[in-house]
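FYI, it's all coordinate maths here, none of it is from the lab. Every value quoted in this text rests on a predicted model; they were computed, and no experiment measured them. Positions of Cβ are backbone-derived with ideal geometry, glycine not excepted, and every protein chain shown enters the neighbour counts.
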Amino acid sequence: MYREPYNFTLERYIEPSRFAAIKEFTQDMPTPLLVMDLNLVERKYDELSGNFPSADIFYAVKANPMPEILRMLHEKGSSFDIASRYELDLMLSLGVAPEKLSFGNTIKKKSDIAYFYDRGVRLFATDSETDLLNIAAAAPQAKVLFRILTEGTGADWPLSRKFGAHADIIYNLILQARDLGLEPYGLSFHVGSQQRDIGQWDDAIARCKYLYDAVAEDGIELQMLNMGGGFPASYVDPTFSVEEYAKEIIRFVEEDFGDNMPQIILEPGRSLVADAGIIVSEVINISRKAKTNMYQWVFIDIGKFGGLIETIDESIKFPIYFEGEGMADEIILAGPTCDSMDILYENFKYHMPENTQPGDRVYIFTTGAYTRSYSSICFNGFPPLHAVIFDKGENL
Ligand SMILES: *Cc1c(COP(=O)(O)O)cnc(C)c1O
């Protein structure tokens with residue numbers, strides 16, 4: 001497949017004055033390092049909630065659980081989607097009320113359900129009978145969201161297959177939930193993370209509408225439609241704007257539901273935090289494996305195990321900025337650990353200015369989501385990715 005050559009322009013990813021301030025802020029800090037610009041997260045939250053005025057936002061905590069981010073979102077009125085008792089403890093320790101939390105993970109132990117219920121959480125997602133029976137036993141009368149299966153087609157990081165069930169299974173689960181004394185509350189789906197095909201929401205919403213109508217015939221009125229995450233961040237491959245996503249998705253819901261609009265919730269993870277993160281890294285070595293090899297190998301101090309696991313299959317292409325001048329060579333980019341799968345990009349060719357030297361800094365943009373929370377604890381002894389908050393506000 002032909003691709004445009006990779007051409008990095010700084011302005012596409014950050015205002016130059018903001019970048020200058022972040023460079024100065026980090027110049028004496030050891031690398032690798034993740035810098036999170038709190039103001040940019042806030043802007044993303046405002047953008048999403050502004051474009052979906054009637055939706056409630058449940059931030060998917062797993063994308064980046066730094067307390068400063070959670071606290072800021074909490075102050076702005078966000079709710080939170082959490083997936084484990086550890087995330088629950090974290091949220092409660094920050095003073096977030098259990099009414100603001102949903103247990104969105106369909107894979108959970110009965111003891112975890114009881115742990116959530118004891119601490120006041122009443123909203124649970126499910127996609128199987130075993131889990132539903134556990135919810136009925138450990139969280140009596142709780143509100144339940146039923147997750148439908150989506151294919152994840154069009155997503156750079158599909159989450160499908162593992163979660164959700166077909167409409168025929170979900171239909172029976174909804175009736176069963178009522179009979180178990182639970183409150184069948186709504187439907188949920190996730191079209192896949194970094195979903196670049198807006199039409200995927202159309203399909204999923206239509207499937208939900210079908211189920212809404214089917215269970216209504218049995219006297220069950222569902223109230224909530226949880227449209228998950230999947231909203232875009234700015235990587236190398238282009239996407240539509242959040243405004244365009246919102247316009248289309250709202251139109252899909254209105255076309256299907258008409259005057260009978262459900263309460264809508266969104267669970268953004270990536271789209272709120274990714275663009276606000278920059279990983280500062282350093283070139284360790286530049287080498288050629290044979291005189292006749294076209295491409296130089298460039299080793300930097302962060303790789304798959306240090307937080308860039310989403311480079312698996314080159315799924316997510318992070319914008320990468322090398323300072324330096326001169327002709328830009330196509331390179332193979334790899335991480336620092338002693339595992340040969342720790343190669344970041346080999347097929348997709350990044351460019352590096354020819355005067356780049358070991359010791360130079362490299363800036364990896366759009367790394368605020370799924371980096372630190374994914375980094376390994378001590379492979380080869382490397383510590384988990386260190387992160388700092390940059391909080392200079394709007395005035396840059
Ligand atoms: C991970 C996850 C999200 C966040 O998805 P993004 O694509 O990062 O926005 C939302 N909902 C659920 C249930 C998830 O597991």
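The table below gives the values:
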| quantity | calculated |
| --- | --- |
| Cut-off under 5 Å, modelled amide H: who pairs with T153 long-range | none |
| Percent antiparallel among DSSP beta bridges (both partners in the chain, rounded to 5) | 40 percent |
| Amide H partners (placed H, <5 Å) of A142, local residues excluded | E183 |
| Coarse-grained scattering of the stretch 243-311 at q = 0.13, 0.14, 0.18, 0.19 Å⁻¹, given as base-10 log I(q)/I(0) from a Debye sum over alpha-carbon atoms | -0.66, -0.70, -0.87, -0.92 |
| Surrounding net charge for G381, when Lys and Arg each add one and Asp and Glu each subtract one, Cβ distance under 15 Å | -3 |
| Distance histogram in 10 Å bins (all Cα pairs of the stretch 1-148, percent per bin) | 10, 30, 27, 19, 11, 3 |
| Within straight-line cross-link reach of K23, lysines at Cα separation under 18 Å, skipping those fewer than 8 residues along the same chain | K392 |
| Scattering curve values for the stretch 65-268, log₁₀ I(q)/I(0), Debye with Cα scatterers, q = 0.11, 0.12, 0.14, 0.18 Å⁻¹ | -0.51, -0.61, -0.84, -1.34 |
| Using a Förster distance of 30 Å, the FRET efficiency for E68-E314 (Cβ separation, nearest 0.05) | 0.45 |
| For the chain, radius of gyration divided by Kirkwood radius, i.e. Rg to Rh on alpha-carbons | 1.00 |
| Cα-centred dipole magnitude for the chain, charges only on beta-carbon of K, R (+1) and D, E (-1), debye, nearest 20 | 960 debye |
| Sparsely packed trypsin sites (Lys or Arg not before Pro) within the stretch 1-104, loop by DSSP, other Cβ within 10 Å at most 12 | R3 |
| Extension reserve of the L92-E151 stretch, reckoned as 0.36 nm per residue once the Cα distance is removed | 17.8 nm |
| For the chain, calculated [θ]222 nm from helices alone, where every DSSP H run of n ≥ 4 adds -39500 (n - 2.57) | -9000 deg cm²/dmol |
| Efficiency of FRET from Cβ geometry, D118 and A20, R₀ 56 Å, rounded to 0.05 | 0.65 |
| Within-9-Å neighbourhood charge of K76 [Cβ basis; K, R +1; D, E -1] | -3 |
| Net charge contributed by nearby residues that have their C-beta within less than 11 Å of V253 (K/R +1, D/E -1) | -3 |
| Where Rh is the Kirkwood radius over Cα pairs, Rg/Rh for the stretch 282-328 | 1.00 |
| Inter-label distance, nm, simple model (7 Å from Cα along the C-beta direction), K110/Q27 | 6.1 nm |
